[in-house]
Amino acid sequence: MKKALHKDNFMMVRKTLPRFLSIFFIVALGVAFFSGVRVTEPDMKLTADAQFDESRLMDLRVLGTMGITEKDVKAVREISGISVAEPSYSVDTICKLNDTEKVLKVMAATGRLNQIKVTEGRMPKTNGECLVDSYLMDHSDIKVGDTITVSSGTDDDIGETLKESSLKVVGVGSSSYYLSRDRGTATIGNGQISGFAVVPKENFKLDVCTDLYITVKGAAGKTAYTDDYDDIVEKAEKKIKNISDSRCEIRQREIKDEAEKEVKKAENQYKKEKKKADKKLAEAEQKLKDAKKEINAGQKEIASQKYKISQGEKEIQKGWQSYRDGRKQLSKAEKDIKSNEKKLVKAEKELAKAKEQLKQQMQQAGAMGQIPPEMQQKFEQAEKELLRQEAVLKASKKGSGQRKK
């Protein structure tokens, strides 16, 4: 029976040899590929683990939304099983590259963990320098020697986080933290981080750290991505989580206390400044009152002076009217003088004529002999009258001369 079955199978393979060979080679290729993958997986893990160990990549990363203080770092370092706990800084920024705004994570250079592999140039030494992600360099037009400028991407001033926001590219490098093209997400820009830049730790102005890089004791001796490695790291992670709630409460209380201190300080400053302001205000009000008094007194003085000016103007008008009346009187007096002068001239002529007649009459009377007493008396009266009229005439001429002056 078996003999017949084998013979039948052999005959079927012989009749369908091409199909049999095709299936055979497909199965063989699949087995070979599967074997290669099974062999490659440990090699890939070993390669990655060697790179992680070389760059001293962290095992855990702690982020603090309220910042990580020195007390927090000390608390983590006191946990059993923690080898190294190194605080650091990082911030997501906006950088314009290739006429496009890209999200750039700016990180502080570390001293022990997460070492950067420099592929070109050097690590930054001063606040105005940076090392840029090699992946970002390959996908942009920036090069070593160029200067990039970063901003916060929000209404906040980047100057509150970084001392220098204009950074000269002095090097290119890569980090074991980023094995793939994915650089993570952000809350600014398009939400996708395009690359990273490394600056000196001194370029950050923050009072507290934002990141805490941790390595676990014994983890370096295990291969990454293995259960043994994960077990060691998970134990340390649980211990850190156990103190996270208490540390967060402490941090919240510290922030609250600091805020209350600032508020109290501001209130004291406000009271102090208010006291000064009230004093200055009182002085200013007193000066204002004094100024109002002076203004009122000045207004009264102005009113008084205006009244005096008005009276003076009236006096001036009255004087001008007197002047005009005097001019009229003077003009009239001049006319009267001229008229009287003519009369005086006429009177002088008449007086001279009367004198001449009296003289002739006296001569005629003398020629006749003795002058009768009556006639002698008339001659004397006539002579006295002529002398009186002559005196009046002289007085009139003298007054006329004075009026002319």
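The values are calculated or read from the model by the stated rules, or taken from the named source; none is laboratory data. Predicted model only: the values in this text are computed from it and were never measured. A quick note on method: Cβ atoms are made from the backbone with ideal geometry, for glycine too, and the neighbour counts reach across all protein chains shown.
Contact map, the range 253-271: residues that are on the phi < 0 side of the Ramachandran plot paired with residues that are surrounded by 10 or more Cβ atoms within 10 Å (Cβ to Cβ), Cβ distance under 9 Å, separation 6+ or inter-chain. Pairs shown: Glu254/Met66; Glu254/Thr69; Glu254/Lys71; Ile255/Met66; Ile255/Gly67. For the range 85-129, a residue qualifies if it is hydrophobic (A, V, I, L, M, F, W, C) and within 16 Å of Ile158 (Cα to Cα), and the qualifying residues are Val91, Ile94, Cys95, Val103, Leu104, Val106, Met107, Ala108. Every listed requirement among (1) charged (D, E, K, R); (2) part of a helix (DSSP H, G or I); (3) surrounded by 15 or more Cβ atoms within 10 Å (Cβ to Cβ) is met by Lys222 save one, (2). For the range 44-69, the candidate set comprises residues that are of a type in the set (Val, Ile, Thr) and surrounded by 13 or more Cβ atoms within 10 Å (Cβ to Cβ); within that set, the residue that is nearest to Asp228 (Cα to Cα) is Val62.
Summed over the range 70-121, residues that are buried (at least 19 other Cβ atoms within 10 Å of the Cβ), farther than 25 Å from Thr149 by Cα and in contact with a Cys (Cβ under 8 Å, 6 or more places away or on another chain) total 1. Restrict the check to the range 200-218 and report whether at least one residue is surrounded by fewer than 20 Cβ atoms within 10 Å (Cβ to Cβ) and either among the aromatic types (Phe, Trp, Tyr) or under 19 Å from Gln51 (Cα atoms) (or both). For the range 200-218, residues surrounded by fewer than 20 Cβ atoms within 10 Å (Cβ to Cβ) and either among the aromatic types (Phe, Trp, Tyr) or under 19 Å from Gln51 (Cα atoms) (or both): present.
Total residues in the range 230-286 satisfying the condition of being among the hydrophobic types (A, V, I, L, M, F, W, C), modelled with pLDDT of 85 or more and in contact with a strand residue (DSSP E or B) (Cβ under 7 Å, 6 or more places away or on another chain): the figure is 4.
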